[in-house]
Amino acid sequence: MSSRMSRRSLLASAAGLALAAGPLASVARAAAKTPKVLVIGLDGTLLDRVKDADAPNLDALMAAGLTAPSSIYANPFAPTLSGPGWSTIITGVWPDKHNVKDNAFTGQRFAQYPDFLTRIETAKPALSTYAVSSWAPLTDTVFSSKVDTRVSTPSAEYDTGTTSRAVARLRDANPDAVFVQLDNVDHAGHSYGAASTQYLDAIHGVDTQVGQMVAAVKARSTYASEDWLIMITADHGHTDAGGHGGSSTPERQTFMIATGPTLAAGSVRRDVKMPDIAASVLAHLGIAIDPAWGLDGRPVQQPAPDDFDTLRPQLATRVDETGIGASVIGFTHTPPSGWSVDNSAMGTGGVTEWRGWSFTTDEFWTKAQADQNRESNVRARNVFAVADGDEWQDRAFTGTFDSTLVSPAYPVTGGAAATLTFTTYYRHESPQKGEVLVSYDGAAPVSVKTYTSDTSSRVENLTLQVPAGATTARVRFRYTGGNNWYWVIDGVSLKST
């Protein structure tokens with residue numbers, strides 16, 4: 001086929017192949033469509049209150065696609081404010097990278113971690129990008145001048161003006177990527193609280209505006225030949241009394257509602273995080289994500305569940321913990337298939353939930369004790385493993401915390417290098433220690449990494465030299481300590497390189 005073949009010829013060829021292929025018809029049609037993206041941010045909106053409100057358009061999007069509730073950080077990582085929240089959504093990295101910790105954007109690193117529209121302009125400058133917001137700092141500061149059009153709606157027009165501009169752009173122009181931010185739900189939260197009827201009314205109002213934008217997309221004359229990914233999200237939640245910035249569970253809430261290719265109707269996922277919005281936009285538009293960018297997000301279209309995530313159906317409610325609600329489901333001591341926990345040196349008694357390595361979730365573990373930096377465990381997803389000596393010793397016990405999490409036997413190539421990858425978050429107090437050990441073909445474990453100081457949430461990539469002749473390797477994560485802090489492990493893999 002000629003590289004200069006016209007778009008009309010390409011479409012005709014795709015249609016012809018579809019007719020000939022029968023079952024492949026839908027694949028051929030999808031391949032011929034033009035990818036486009038609409039991201040709508042609803043400032044300060046709680047997903048639970050969306051479900052309580054009169055919100056037929058958001059309800060329809062949830063029914064048609066994916067709903068993914070998630071949680072964010074709290075101080076000292078960053079406060080639950082709009083500056084850090086929107087910066088995380090728009091750049092695809094957490095606050096420890098973009099460095100926005102307030103609404104003044106002091107110390108921001110947008111040159112190093114630019115917004116997703118700027119990344120689009122850099123990779124594919126022919127694409128049309130558009131951002132409009134009711135909160136001016138987003139279009140004035142976060143999105144760069146590389147974006148084709150940035151509009152900060154005059155305060156007198158507020159969300160009405162933002163919506164009318166977005167609808168006009170979607171209806172009358174040919175944008176490829178659009179970002180819209182609506183502010184009124186956050187305003188109602190501050191003025192009346194998230195438990196108020198005014199907050200529900202504000203959700204109804206933005207729901208109507210979301211519906212207008214979605215209708216504008218579907219009314220496009222070219223809609224049949226377009227492949228739209230629509231995502232709805234929020235920068236933070238609100239307290240019942242009103243306000244945010246603190247560490248309470250309602251303030252730390254966000255979500256993604258998304259419709260588009262590969263996203264099953266009515267599906268719910270727990271592995272999606274705030275930075276995934278930016279990564280999903282780039283993936284949908286065919287822009288390869290360069291590891292050098294350091295993105296924390298991963299495309300929602302490419303789920304990557306790990307072994308620990310399979311445990312979610314087995315999670316149970318509290319046993320000894322008193323700060324966790326009786327109905328909150330979130331822990332088990334039963335490891336996933338192939339994994340084991342060695343508690344042969346573990347003390348007795350203590351808080352049941354944390355006796356040795358446990359498998360838990362953010363919504364359960366952070367409630368065990370707020371404001372002890374558990375909220376900074378941002379890079380673990382869904383179900384993760386935790387050794388928490390601090391919480392374990394909150395009840396009568398004997399001995400010390402000494403527990404080892406043991407992986408399955410991973411295949412390796414003798415004499416070659418391998419990469420051990422895992423997400424970790426470690427808070428230290430002497431004489432505590434976290435140690436990573438590797439055993440080849442059942443031989444004695446060898447230490448490859450030791451933690452004896454605070455280590456922020458991050459992804460570790462350890463290069464291993466596999467001994468000649470070895471065919472398997474097991475990884476051990478051993479945590480020892482007294483009334484100390486904790487260690488989180490998630491996303492473990494071992495691959496030959």
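Just so it is clear, none of the values below were taken in a lab; they were calculated from the coordinates. As the structure is a prediction and not an experimental result, all values here were calculated from the model. Backbone-built Cβ (ideal geometry, glycine too); neighbour counts: all protein chains shown.
Couple of notes before you dig in:
- Cα-centred dipole magnitude for the chain, charges only on beta-carbon of K, R (+1) and D, E (-1), debye, nearest 20: 1820 debye
- For the chain, the relative contact order works out to 16 percent when only alpha carbon pairs closer than 8 Å and six or more residues apart are counted.
- Overall form of the range 34-293 per C-alpha gyration tensor (a/c, 1.5; a/b vs b/c): rounded
- Filter on LYS124/LYS449; LYS218/LYS273; LYS51/LYS367; LYS101/LYS146; LYS124/LYS273; LYS33/LYS101 - keep pairs with C-alpha separation over 32 Å: LYS124/LYS449; LYS33/LYS101
- Peptides 345-356, 482-493 ordered by packing proxy, namely the average of other Cβ atoms within 10 Å per residue, highest first: 482-493, 345-356.
- DSSP H segments from the chain that extend 18 Å or more along their own axis, Cα-based, with Kyte-Doolittle mean of 0.0 or above: 7-21, 197-218
- Cα gyration tensor of the range 307-496 - equivalent ellipsoid semi-axes, whole Å, descending: 28, 17, 15
- The chain: calculated mean residue ellipticity at 222 nm from DSSP helix runs of at least 4, using -39500 (n - 2.57): -7500 deg cm²/dmol
- Gyration tensor analysis over the Cα atoms of the chain returns equivalent ellipsoid semi-axes of 41, 29, 20 Å (largest first, whole Å).
- Reported to the nearest whole Å, the Cα centre-to-centre distance from the range 317-362 to the range 62-133 is 34.
- Placing unit charges on each Cβ (+1 for Lys and Arg, -1 for Asp and Glu) gives the range 355-480 a dipole about its Cα centre, and among PRO445, PHE422, PHE477 the Cα reaching farthest toward its positive end belongs to PRO445.
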